[in-house]
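This report concerns only the one structure given below.
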Amino acid sequence: MGDRIHHRRKNLGLTQKQLAEQVKVSHVAISQWEKEETLPRGENLLRLSESLGCAPAYLVDGDGPVFSESGFAGLHQIPLLDQRDVVSWLKDASAVKCDFLMHNDMALSQRSFAVRVGELAMIPAIVSEDVVIVDPAVSPLPGDSVLALQQNAALLRTYRQRGPEGSITQFELAPVNVNFPLLHSGRDGIRLAGTLVELRRYRQR
């Protein structure tokens, strides 16, 4: 495993420190993994494989897909944002510092981003610690999952279109978990941030 981690890192032109920042571990941990003094497990392994553009199985035993060495051909880099940075990202993406990138092969807009779910409104369909990729350029259809903003809080809900009030089309945001309220665009001060285009679920082993 250590040799494969080292090989992928070098081919991508990453230093141990740069890789550590993406995986959110210390550069000492990267060094230990490459020397096989310790081994990445659980979410660290998943984040490491994301950053190195390969399947976790490739790192573990060499039996898994590896993306092109030359700039992840066909892949796009999607920033994984802290929820508190979503508002700033939508206003001016260049002003947001992002330490971790996801990779995606879909045709998404440059304003797309990923965020880790922190609330329980969509369980059991979407649970806390899932990662969702959101595209602000995709208009939601009824039944789509969307990310909405209420003040500075990012909320994941199911989109329901409602009739217009005046010239403005109204919508509702419905939770899956019945312990959370139904929100209405005309009364609850909510606005759409984007449509969910991919869900990723990670589990600790």
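The values are calculated or read from the model by the stated rules, or taken from the named source; none is laboratory data. Just so it is clear, the structure is predicted and the values come from calculations on it, not from any experiment. Methodologically, a virtual Cβ is constructed for each residue, glycine included, from the backbone with ideal geometry; neighbour enumeration extends over all protein chains shown. Just the protein is used for accessible areas: all its heavy atoms, side chains included, with ligands, DNA and RNA removed. Shrake-Rupley method; radii C 1.70, N 1.55, O 1.52, S 1.80 Å.
Annotations
- Of the listed requirements (1) open to solvent by less than 40 Å² (accessible area, probe 1.4 Å); (2) modelled with pLDDT under 90; (3) not in a helix (DSSP H, G or I), Ser70 misses just one: (1).
- Close contacts from the stretch 159-172, counting a first residue that is at negative phi and a second that is surrounded by 10 or more Cβ atoms within 10 Å (Cβ to Cβ) and of a type in the set (Asp, Glu), with Cβ to Cβ under 7 Å and a gap of 6+ residues or different chains, come to Tyr159/Asp144; Arg160/Glu172; Arg162/Glu172.
- For Gly2: the one exception among (1) surrounded by fewer than 18 Cβ atoms within 10 Å (Cβ to Cβ); (2) modelled with pLDDT of 85 or more; (3) under 21 Å from the mean Cα position of the chain (by Cα): (3)
- Failed condition for Asn104, given (1) open to solvent by 10 Å² or more (accessible area, probe 1.4 Å); (2) in contact with a strand residue (DSSP E or B) (Cβ under 6 Å, 6 or more places away or on another chain); (3) in contact (Cβ under 8 Å) with a residue 40 or more places away in the chain: (1)
- Meets criteria (open to solvent by less than 20 Å² (accessible area, probe 1.4 Å) and either touching a helix residue (DSSP H, G or I) at 6+ places or on another chain (Cβ under 6 Å) or in contact (Cβ under 8 Å) with a residue 12 or more places away in the chain (or both)) for Gln151: no
- Any chance Val132 is crowded, with 17+ Cβ neighbours inside 10 Å, in contact with an Asp or Glu (Cβ under 6 Å, 6 or more places away or on another chain) and β-branched (Val, Ile, Thr): no
- Only listed residue being open to solvent by 40 Å² or more (accessible area, probe 1.4 Å), under 25 Å from Arg162 (Cβ atoms) and either among the β-branched types (Val, Ile, Thr) or touching a residue at least 60 places away in the same chain (Cβ under 8 Å) (or both), chosen from Val146, Val138: Val138
- Per-region count, the stretch 11-56, residues farther than 21 Å from Glu129 by Cβ, assigned to a helix (DSSP H, G or I) and open to solvent by 40 Å² or more (accessible area, probe 1.4 Å): 7
- Residue count, the stretch 73-89 (criterion: modelled with pLDDT of 75 or more, under 19 Å from Met106 (Cα atoms) and open to solvent by 30 Å² or more (accessible area, probe 1.4 Å)): 1
- Looking only at the stretch 107-129, residues that are over 14 Å from the mean Cα position of the chain (by Cα), of a type outside the set (A, V, I, L, M, F, W, C) and buried (at least 16 other Cβ atoms within 10 Å of the Cβ) come to 1 in all.
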